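Quick notes on the structure that follows.
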Amino acid sequence: MSGYSAVCSEKMCPQMDENVKKKLTRISNESDILGKMIELSGGMGCSGSTGPQPGLTESHTTTVKKSWANFVKKGDLTDLGMPMFIKLFEEAPEVKPLFKFADTSNSNENTKLRNHVKGVFEVVGIAVDTIDDLTKLNSIVVDLGSRHFHYGTRREHLPVVGKCLIHALSEGLGDEFTEDTKNAWLSFYNWLGGCFAKGVSTESRKK
């Protein structure tokens, strides 16, 4: 099973738009990164409701969308995302075994790493595009967390990945990455990370 069908069945994600399904399938086929989607933070969001989320305000969602739009204009998405993984492997070398292509000594020539980085940041873009209707993200992120328990991902990995993603956004946006922008992204990550962690925890209890 690959692409969209590998992460989100029609039964689990009936509300997902066709264009989102197609983009997820394309990204999966290009770089096999759906397995790392939104390993962002160790928060406790993910209520699954359509209403306001705890800690995630309308102002936050507006800021996330605006700052992401500015971020992707700064250059090639792969180059913009690379600082996340360089920092991740520096700060958490224990996660390297989860990435068979973890050599960042010559990141510009590491095609597998570059494809992975590109895919991860494209999926973040999908999350941003869907931020106004969080029910479209709920099932897919919980399901990813559940499946990735078997790939070695654990709840304790999430905060450091979030920290490194924040680092990449900060590097890309420069002075535009204000404290308000940081807080907005952290709130969004908290929701996403909560969904992912819920999936990991659910699967771990089956052991």
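The values are calculated or read from the model by the stated rules, or taken from the named source; none is laboratory data. The structure displayed is predicted, hence computed values, not measured ones. Every residue, glycine as well, gets a Cβ built from its backbone with ideal geometry; the counts of neighbours run over all protein chains shown. Quick note on the areas: whole protein, heavy atoms, side chains included, nothing else; ligands and nucleic acids left out. Shrake-Rupley method; radii C 1.70, N 1.55, O 1.52, S 1.80 Å.
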Being touching a strand residue (DSSP E or B) at 6+ places or on another chain (Cβ under 8 Å) and polar (S, T, N, Q) is the filter here; which residues of region 185-207 pass it? S187, N190
Note on Y151: of the conditions (1) modelled with pLDDT under 80; (2) over 18 Å from F85 (Cβ atoms), unmet is (2)
Members of region 176-207 that are open to solvent by 50 Å² or more (accessible area, probe 1.4 Å) and outside any helix (DSSP H, G or I): T178, R205, K206, K207
